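Only one structure is covered here, and it is reproduced in the block below.
Derivation of every value follows stated rules applied to the coordinates shown; laboratory data play no part. Keep in mind it's a predicted model, so treat the numbers as computed, not measured. Note that we place each Cβ from the backbone using ideal geometry, even for glycine, and neighbour counts take in every protein chain shown.
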Amino acid sequence: MASRRILSSFLRSSQSRSTPKSSFLGSRNGPARRVAAPCGTLLGRVAEYSTSSPAPPPSSAPAKDEAKKTYDYGGKGAIGKVCQVIGAIVDVRFEDQEGLPPIMTSLEVQDHPTRLVLEVSHHLGQNVVRTIAMDGTEGLVRGRRVLNTGAPITVPVGRATLGRIMNVLGEPIDERGEIKTEHYLPIHRDAPALVDLATGQEILATGIKVVDLLAPYQRGGKIGLFGGAGVGKTVLIMELINNVAKAHGGFSVFAGVGERTRQNVVRTIAMDGTEGLVRGRRVLNTGAPITVPVGRATLGRIMNVLGEPIDERGEIKTEHYLPIHRDAPALVDLATGQEILATGIKVVDLLAPYQRGGKIGLFGGAGVGKTVLIMELINNVAKAHGGFSVFAGVGERTREGNDLYREMIESGVIKLGEKQSESKCALVYGQMNEPPGARARVGLTGLTVAEYFRDAEGQDVLLFIDNIFRFTQANSEVSALLGRIPSAVGYQPTLASDLGALQERITTTKKGSITSVQAIYVPADDLTDPAPATTFAHLDATTVLSRQISELGIYPAVDPLDSTSRMLSPHILGEEHYNTARGVQKVLQNYKNLQDIIAILGMDELSEDDKLTVARARKIQRFLSQPFHVAEIFTGAPGKYVDLKENINSFQGLLDGKYDDLPEQSFYMVGGIDEVVAKAEKISKEAAA
């Protein structure tokens, strides 16, 4: 108590100048009582502690229906005004201290197109609070009125939430109506008191053998679940939910986890070079976001980030324009089924199939065939699915963009003149000589063009992004120029949200789909670098192009062992496709394991079974090659599109030994197995002659 008296004496003068404000804490079932509001400063908190009487001992009786309380923080109904917007951070100024909201208070922006809730995070002084926005701040301007709700963010709780999907504010997003409940709780709550904690340690039986035997879960414990894409995390989670409900009667909760500065001054990002720009130059407010042309008029054309044509072929004449910043499709508009997007390319469809509406990472060095593979995908998707493609060149070399355009013209993917309407691809370029603002937004421009084909025309669209790392890199440069404090390895603090805003728009809806193939550069081959590591979390499949395979003359040079897909599951593909794919990979892996022995001792030292494995593996390896339509002008061989069913049957026949008698060279650069048989007969006739 002596220490309390000393502190009280020391702080008496500061208290007399600033009497703590009070607020009402009431219950829906009882009268309100007056309590001290939270102090905003450390000095105030010390003063409150020093003058308060010792707290009574905690009651052992449970709180009476805590979930029905009304949480009043004070200042309810006060109106403030937005004075600064920094991305998701919004500063709000209030007229006087009486209306100043304490930390964790919920504020609501008035006259905003959508409900925008702000949560008070800091008191900056001069009646200004810094808040965190719970939704996008697009369109928010200085001077917008903000209401102090006088309460924290509270969310519905109880049995009414079972089977529902909510956002961070507890609002239903499953379009199944309001969540009707009398029980609400604030999202910021103290941990249970020490005396309320259970001291015993018990196992929570899950009914899953490997978990309960080798890594049992503690009742009330925290468990980390590690695993890449397609290894069964979702199935395990659903089984845990099911078993806990059955065995323990418990419930489960699944949690999926532009700037304004000084008075009347906005900070902007330039979409082109600022050479020659001086202070005092007049700037026009267009009153609209960046909008770009979309639709069939963009096919065969090259645009920049603003949708302006840069191919010197005149204006893009269209009636359809869309803003580049758009929300991701609503949850209820998403298609829930998982389907393969058949590409007609044997190695892809069999071993690393693409999901319709999925995201595929394309890995490969220079000269291994990335461009040819991309053009063949564009060609095949247009022919098989009637869909179009969009190529977004993000921060790559201008020469490569020009070469791609010329190769697309030569291969017929893009047609000029009167046949332009027959083109299958639109190009959007923001090359490495562009300022960071253009490179940071060009991916969004390409995505917007693709979204129109998906949403307005109901098409299956292919979106190619080369290179997704440059998108992250450009946003990092912009973040530094805006003065944001960098995070790990110098990347922007908003790395995950920047990438997520792009990736979440790439999906399958009930109208159509956007399937994205993204070339990925890995800095210094470090897969733990934050940029590629964040990208990997979004991928559904990886297609790895190998220089060793291309040196064998096998194209496409897709590595059948390193390429992966979360679609490679018997529950999605069916047992036949899955078993064939795994059988092919097993034979190729065994061959790879035997290569060192062959190099040292030779083929003669192998057992008969191993010799058969090697012979089949070499045939499979060559059968994975395929002539492309877009390469006809170079090779003279007609391109082949292989149906998925024929593809599976052909490789299953190889695994079963039906074609062990055919020569190895007959499997090279053909389509289906019928062509292999025909080529083998031709070879035998030539040998006999």
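What lysines could a cross-link reach from K81, if we take a straight Cα to Cα line under 24 Å and drop same-chain neighbours fewer than 8 places away?
Output for K81: K21.
If Lys and Arg each add +1 and Asp and Glu each add -1, what is the summed charge of the other residues whose beta carbon sits under 12 Å from the beta carbon of Q665? If you can, show how the numbers build up before the last one.
On the way: positive: R618, K619, R622, K679, K682; negative: E664, E686.
Net charge around Q665: +3.
Set the Förster radius R0 to 22 Å, insert the Cβ-Cβ distance between V195 and V157 as r into 1/(1 + (r/R0)^6), and round the FRET efficiency to 0.05.
Working: r = 24 Å, r/R0 = 1.08.
Plugging the Cβ-Cβ distance into 1/(1 + (r/R0)^6) gives 0.40.
With a cap of 10 neighbouring Cβ atoms within 10 Å, and only residues DSSP puts in a loop, list the trypsin sites (Lys or Arg not before Pro) found in region 133-199. Working shown, then result.
On the way: sites: R142, R144, R145, R159, R164, R176, K180, R189; in loops: R142, R144, R164, R176, K180, R189.
Passing both the DSSP loop test and the Cβ count: K180, R189.
Could you work out how far the C-alpha centroid of region 481-507 sits from that of region 123-171, in angstrom?
After rounding, the separation between the Cα centres reads 22 Å.
In nm, give the distance between the simple-model label positions of E551 and A245, each being 7 Å from the Cα along the Cα-to-Cβ direction.
5.5
Rounded to the nearest 20 Debye, what is the dipole magnitude of the chain about its Cα centre when Lys and Arg each give +1 and Asp and Glu each give -1 at the C-beta?
With only Lys, Arg, Asp and Glu charged at Cβ, the dipole is about 3220 debye.
Please find the FRET efficiency linking L213 to E575, where r is the Cβ-Cβ separation and R0 is fixed at 35 Å, and quote it to the nearest 0.05.
Efficiency at R0 = 35 Å is approximately 0.75.
For K180, which aspartates and glutamates qualify as cross-link partners when the Cα separation must be under 12 Å and same-chain residues fewer than eight apart are set aside?
E171
How fast does region 74-164 diffuse by Stokes-Einstein, in µm²/s, taking the Kirkwood radius from C-alpha pairs at 4 °C and 1.567 mPa s?
97
Pairs K424/K679; K640/K682; K346/K592: which are spaced more than 23 Å apart, C-alpha to C-alpha?
Among K424/K679; K640/K682; K346/K592, the Cα-Cα distance tops 23 Å for K424/K679.
Can you list the GluC sites (Glu not before Pro) in region 294-384 that are in a DSSP coil and have 13 or fewer other beta carbons within 10 angstrom?
Of the GluC sites (Glu not before Pro), the ones in loops of region 294-384 whose Cβ has at most 13 other Cβ atoms within 10 Å are E312, E315, E319.
Would you mind computing, in nm to one decimal, how far apart the modelled labels at E410 and F226 are, each placed 7 Å from Cα along Cα→Cβ?
Those two pseudo-labels are separated by 4.8 nm.
Compute the distance in nm between two label points, each set 7 Å from the Cα along the Cα-to-Cβ direction, one at A335 and one at S421.
The answer from the label model is 2.7 nm.
As an exercise, use a Förster radius of 56 Å and the Cβ-Cβ distance of E95 and D526 to find the FRET efficiency, rounded to the nearest 0.05.
After rounding to 0.05, the efficiency reads 0.60.
Positive end of the dipole of the chain, charges at C-beta (+1 Lys, Arg; -1 Asp, Glu), about the Cα centre: which of A617, Q126, V517 has its Cα farthest in that direction?
The Cα lying farthest towards the positive end belongs to Q126.
Post the alpha-carbon centroid distance, region 364-385 to region 410-436, in whole angstrom.
If you average the Cα positions of each part, the centres end up 15 Å apart.
Can you give the convex hull volume of the alpha carbon atoms of the chain per residue, in Å³?
Spread over its residues, the Cα hull of the chain gives 235 Å³ apiece.
Placing +1 at every Lys and Arg Cβ and -1 at every Asp and Glu Cβ, with all other atoms neutral, what dipole size does region 573-688 have around its Cα centre, in debye to the nearest 20?
280
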